[in-house]
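First comes the structure, then the notes that go with it.
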Amino acid sequence: MSQITETQPPSSLQGATLPKWTPWAIAAGSVALGLGISAAAGLDSSIQWGLMAAIFFVGGSYGIAARVEGRRQAKDRVVTSLVWVAFLLAVVPLVSLIWETVKRGVKVFDGYFLTHSMGLIADDEPGGGIYHAILGTLEQVGIATVISVPVGILTAVYLVEYGRGNLAKAVTFFVDVMTGIPSIVAGLFVLSFWILILDMGPSGFAGSMALTILMLPVIVRSTEEMLKLVPNELREASLALGVPKWRTIMKVVLPTSIGGITTGVMLAVARITGETAPVLLLVWGSAFINTDPFDGPQASLPMYIYQQYANSGGAGVAYDRAWAAALTLIGFVMILNLAARGIARWKAPSTGR
Amino acid sequence: MKLQRKNRLRALSLGAVAVSGALALTACGSDDTGSSGSGDSTTAANSSIKCDDAKGQLLANGSSAQKNAIDAWVKQFSTACKDVQINYKSEGSGAGVTAFTQGQVAFAGSDSALKPEEVTASKEVCKDGQGIDLPMVGGPIAVGYNVPGVEGLVLDSKTLAGIFDSKITKWNDAAIKKLNPDATLPNLKIQAFHRSDESGTTDNFTKYLIAAAPDQWKYEGGKAWQAKGGQSAAGSSGVAQQVKEVPGAISYMELSYAKDGITAAKLDTGASAPVEATVENATTAIADAKVVGTGADLALELNRATKADGAYPITLVTYEIVCDKGNKAETLAATKAFLTYIASEDGQKVLAENDYAPIPEEIIAKVRTTVASLS
Amino acid sequence: MEISTKNPDNSDNPDNADNPGNPESLEAPSRLSPPSGAEQKRAARGATRPGDRIFLGLSRGSGIFLLVIMAAIAIFLTYRSVLAISKDESNFLTTLEWNPTAAEPSFGIAVLVYGTVVSSIIAMVIAVPIAVGIALFITHYAPRRLGGAISYVIDLLAAVPSIVYGLWGALVLAPHLIGLYGWLDDYFGWTGILDWQGGAPRSLFTVGILLAIMILPIITSVSREVFRQAPQMHQEAALALGATRWEVIRMSVLPFGRSGIISASMLGLGRALGETMAVATVLSSSFEINASLLDPGGGTFAQNIASKFSEATVMGRDALIASGLVLFVITLLVNGAARMIIARRAEYSGANA
């Protein structure tokens, strides 16, 4: 999508404008001021000077711009600086989080770690790996995705394109309820009907079912939102050409919103990939490789992280393994994300609007 | 249109790559972790492991306090009996007992003996029998603290009760000074941490306070923390993490967590010298215990107000819970073989290397007879 | 689409009044206006082709499938909850203790309601403006390449397992907050709400901040997709009239994205309400209500379930499930309120743009 807004300086017809470097100068000035005040007042927390600098930056932008460029421009500058501040505010903790994970995770992260299971290694001993957990996560999340993506997208299609009357109302209602379902409750539900009533024993598939329950509402809601944004002109143009409604949906509506739908699906996958509680209840966990998701206990990465952290008797090696597994999990989702974006880009129609 | 077909082709090939990648992945993993787990001295002779016809997967669930002990045992056992896979999930004692009464597991691990209603519930799973408690592992609960510059702190039950009930709030309080005349105690706020989750560790710690300082500690006890005030953290890991980080912090935890900046306090029980939290002292305390279970059940009652020399009273005994009769046929052989091993001398010897206390000879002998009679 | 299901009468007027420039606005809103007879006929005619019928059947089937699962979960939960609450000796809504295993079971959810609501409010107050800011930053402010990279990183962060957020919160975030807490106590301690006794900063306020960081990615990703879809024509028209960048956003992007932002926030709120492991790791919980947000204490539904679940008896589990049911109701109320807000200002949401 072309960004006209950024190539064109705002209102160049107006009189005085500040030079381009002004925001940077104000930013540098406010950081210096923030640091100076903290040093003078003896505040040791980086959060404090950061917050002060942010306030000076926003206030400074407004003050200076209001004097030179007038109030409308000043408002624009304030919002621009606010947006930048928001960005920085969010980036700092996020970068810190990733940095911490990488720093702690690389200690035991190597080829051996990725290709071996825990086998007979006790949790408080060095060695072992996460192969079994990677495999389990791939299979469980894969099955859950295969079930919930079609169901979720079709449900959203139904709500947006067809839905009227009581059924649509009921579905909307329950999707709303579902967004707040604590993961352990979903796990308990599957436990009582699949394992206790049907007497199936723990398996990767049982975990997938709970994950599906958690995944569906996220997919339905985000897809619904994206489908609603598809302009009606497109639908009408297609229908006017005599294209059946279902072809219109498949060929026009869904491709137009594929980018947003992919994002929604990725968010849902990301959410369930990190789930611990239902997996612990239903998949049971195992130190050995089990390639069959339909029979016998499996492991999974988040469960592995949790167990290495919580039940290892405080052994340092176990914490290292937990961080390395977390790093793997993030990397796994990163690759998935890249792939999904690639597919979305290929499938999306060229943005001709 | 042409463009789109090309895209589809590309998507297809991507899918193919993904699938073949996954296939390649399944091929390259290995369960063989080899000899990387070093530092094991007892690997040599394990004549006490008799596999017989035991095979299959054994599921178990329960106390996280005995997880490391089970890990060590499983290691020895599986090397001898290749056909048996033991899968112990340390979800918690309550979850373990629940899973046991629902028939999900072959045995459960628990920090506390079965309650009467749980025994009743177990009768549905054990045909013609009931669930019984077999004491297998003991462990000292250390009172770990982080006060810069203070080593070898001595506390007694009354001070402990005061600290954890927010009555004693400074490290240089007169009560602590009296017990530690030589230490230089800082004027630091005491941050008493307790477990925010329910746990057998909390249960055993408060049971000690109730038994040894009944006037100072007026709560009922139980797995959930009762007193008001203080700070909390989730799990022994969480508690240990906080004690490490917060100067002036104190908490209770299994002995294996009390390291790297956490010092375990000695306990003035009224014995001739303050007792340290060690494996030997815990075993001494367990030796004083009475068997209160009836029949095949071997539930223990510890003497927590003990004043014996070298007996560390804040001690936890964890049980394996099985059916005395009516265990599932397919897992009976494996269960029996495994329990026989862990109750054997070799099995109990493994414990001390992992910060656990072996069960005293007199009691473990009874356990062995009971295990032999399981059916 | 919710407008047709919730509030059909309301959507008609603002649609035409606020959007006179759009010649399609009378014709286009096939789903905005109440389902008229003619439209139903059109929908029915569309569904006569076999392909259409199959597709309609599939999507309706998905909706019904979802409905059945949810209804089953709801029934299951209600059944177990009724079992527990009928044995409760004290008032389930107002009791300040949790003791379901005693001879006279006594448990209540007052503390949990308070903690959940307070921490979620803090999280939303912090996260929504920042997330909208970042989304705008990505779509309208940042250089295009930087925007792409950032949105990628943000998507990735949705995948960090909550246990890792928890560890990061306890190890990195909490120690850094000591300075801020001292500050708040110094200047705002007199309010009582921001009073601080000292001690590790692991209170509901910290949890709120951590939850805000956790839900940022979800809200940002969905809002970003929505802003991307904002009609370029409107923005260019506004620019041509001499509007500043902020005015363009305020007049054409934000109104268009309103329903999307609200939906995104709801997804975020869903995660905040149901978040388990991170809260359990960071919060110093206890069963009491503190007026001060900075002092330790309190608890949330999901955290309480996670903390008590592993040692709970069957009765204890039922009691926890009952508390989970209350979480459902809270989620439902919040979602319902959000849908009403969307329906009231429906002129931009949907396909008539």
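The values are calculated or read from the model by the stated rules, or taken from the named source; none is laboratory data. From a predicted model like this one, the values you see are computed outputs, not experimental measurements. Cβ atoms come from the backbone with ideal geometry, glycine included; neighbour counts cover every protein chain shown. Protein only, heavy atoms only, side chains kept; ligands, DNA and RNA dropped before computing areas. Shrake-Rupley method; radii C 1.70, N 1.55, O 1.52, S 1.80 Å.
Angle of helix B:67-80 to the longest C-alpha principal axis of chain B, folded into 0 to 90 degrees and rounded to 10: 40°.
Modelled spin-label separation between C:GLU89 and C:THR191, with each label point placed 7 Å from Cα along the Cα-to-Cβ direction: 4.1 nm. With a ≥ b ≥ c the root eigenvalues of the C-alpha gyration tensor of region C:121-233, is it rounded (a/c under 1.5), prolate (a/b larger than b/c) or oblate? It comes out prolate by the Cα gyration axes. A crude spin-label estimate for the pair A:ALA339 and A:ILE197, with each label 7 Å from Cα along the Cβ direction, gives 3.5 nm.
Full extension of the chain between A:ALA25 and A:LEU234 gives 70.6 nm of extra length, using 0.36 nm per residue less the Cα-Cα distance. Near the amide H of B:LYS89, under 5 Å away, which other amide H atoms are found, from residues 5 or more places off or on another chain, if H is placed in the peptide plane? Residues meeting the criterion, in which the H sits 1.01 Å from N, are B:ALA60, B:ASN61, B:GLY62. Buried between C and A is an accessible area of approximately 10800 Å², summed over both sides with a 1.4 Å probe. Modelled this way, with points 7 Å down the Cα-to-C-beta line, the labels at C:VAL125 and B:ASP32 are 6.1 nm from one another. Largest first and in whole Å, the equivalent-ellipsoid semi-axes of the protein assembly as shown read 53, 35, 26, each the square root of five times a Cα gyration tensor eigenvalue. From the alpha carbon centroid of region A:60-113 to that of region B:307-375 is 57 Å. Couplings for region B:346-359, taken from phi via the Karplus curve 6.51 cos²θ - 1.76 cosθ + 1.60 with θ = phi - 60°, read 4, x, 5, 5, 4, 4, 4, 5, 10, 6, 10, 9, x, 7 Hz in order; Gly and Pro are left as x. Over all projection directions, the Cα-based convex hull of region C:59-172 averages an area of 12.3 nm².
In this structure, the amide hydrogen of A:ILE121, modeled 1.01 Å from its nitrogen in the peptide plane, lies closer than 5 angstrom to no residue at least 5 positions away or on a different chain. For region C:127-137, 3J(HN,Hα) computed residue by residue from phi via the Karplus equation (6.51, -1.76, 1.60; θ = phi - 60°) reads 6, 4, x, 5, 5, 4, x, 5, 4, 5, 4 Hz, glycine and proline entered as x. Of interest is the spacing of the C-alpha centroids, which for region B:247-280 and region C:188-220 amounts to 34 Å. On a per residue basis, region B:141-282 carries 37 Å² of accessible surface, using protein heavy atoms and a 1.4 Å probe. Helical content alone sets the calculated 222 nm signal of chain A at -22500 deg cm²/dmol, taking -39,500 (n - 2.57) per DSSP H segment of four or more residues and averaging over every residue.
Please grab the % of Cα pairs in chain A that end up more than 34 Å from each other. Roughly 49 percent, rounded to a whole number. Among the protein heavy atoms, those of B:LYS82 account for about 150 Å² of accessible surface (1.4 Å probe, every chain in place).
Kindly state, to the nearest 0.05, the FRET efficiency for C:VAL117 paired with B:SER272, given R0 = 60 Å and r defined as their beta-carbon distance. So the FRET efficiency works out to roughly 0.60. Taking the Cα of C:ILE75, stepping 7 Å toward and past its beta carbon, and measuring to each backbone N in region A:182-202: which are under 16 Å? Residues passing the 16 Å test: A:189-190, A:192-194, A:197-198. Taking the Cβ-Cβ separation of C:ALA149 and B:ASN172 as r and a Förster radius of 60 Å, what is the calculated FRET efficiency to the nearest 0.05? Efficiency, from the Cβ-Cβ distance: 0.65.
Amide H contacts for B:ALA357 (H built 1.01 Å from N in the peptide plane; partners 5 or more residues away or on another chain; cut-off under 5 Å): B:GLY138, B:GLY139.
Here region A:202-353 is assigned +1 on the Cβ of each Lys and Arg and -1 on the Cβ of each Asp and Glu. Its dipole about the Cα centre then comes out at about 680 debye.
Stokes-Einstein, applied to the Kirkwood radius of region A:139-198 over Cα pairs at a viscosity of 1.002 mPa s and 20 °C, places its translational diffusion at 159 µm² s⁻¹. Protection proxy ranking of C:62-72, C:260-270, A:257-267, by the mean of other Cβ atoms within 10 Å over each peptide's residues and highest first, is C:260-270, A:257-267, C:62-72.
FRET efficiency for the C:GLU288 to B:ASP260 pair, using the beta carbon distance and R₀ = 41 Å, is estimated at 0.80. Overall, region B:169-328 carries a charge dipole of about 420 debye about its Cα centre when +1 sits on the Cβ of Lys and Arg and -1 on the Cβ of Asp and Glu, all other atoms neutral. For region A:22-104, what class follows from the C-alpha gyration tensor (a ≥ b ≥ c being the square roots of its eigenvalues): rounded when a/c is under 1.5, otherwise prolate if a/b is larger than b/c, else oblate? In terms of gyration-tensor shape, oblate. Taking region C:316-342 and a reference point 7 angstrom along Cα→Cβ of B:GLN102, the backbone N atoms nearer than 14 Å belong to C:316-321. Once you divide the Cα radius of gyration of region B:202-335 by 2.2 N^0.38 Å, the number left is 1.25. Taking Cα centre as origin and charging only the Cβ of basic (Lys, Arg, +1) and acidic (Asp, Glu, -1) residues, the dipole magnitude of region C:114-300 rounds to 720 debye. At full extension, B:ARG368 and B:LYS189 could sit 59.5 nm farther apart than now, given 0.36 nm per residue minus the alpha carbon distance.
For chain B, set up a GNM with springs between Cα atoms under 10 Å and report which of B:THR294, B:THR202, B:THR283 has the largest fluctuation. So, out of B:THR294, B:THR202, B:THR283, the one fluctuating most is B:THR294. Each Cα pair under 8 Å and six or more residues apart adds its sequence gap; the mean of these over the residue count of chain B is a relative contact order of 23 percent.
Helices assigned as whole DSSP H runs in chain A whose Cα atoms extend at least 27 Å along their own long axis and whose mean Kyte-Doolittle hydropathy is -1.0 or higher are found at A:22-41, A:46-69, A:71-105, A:131-157, A:204-228, A:316-347.
Here the mean projected area of the convex hull built on the C-alpha positions of region B:141-282 is 7.7 nm². Since only A:ALA122, C:TYR79, C:VAL128 are under comparison, the one whose Cα sits farthest along the positive direction of the charge dipole of the protein assembly as shown, derived from C-beta charges on Lys, Arg, Asp and Glu, is C:VAL128.
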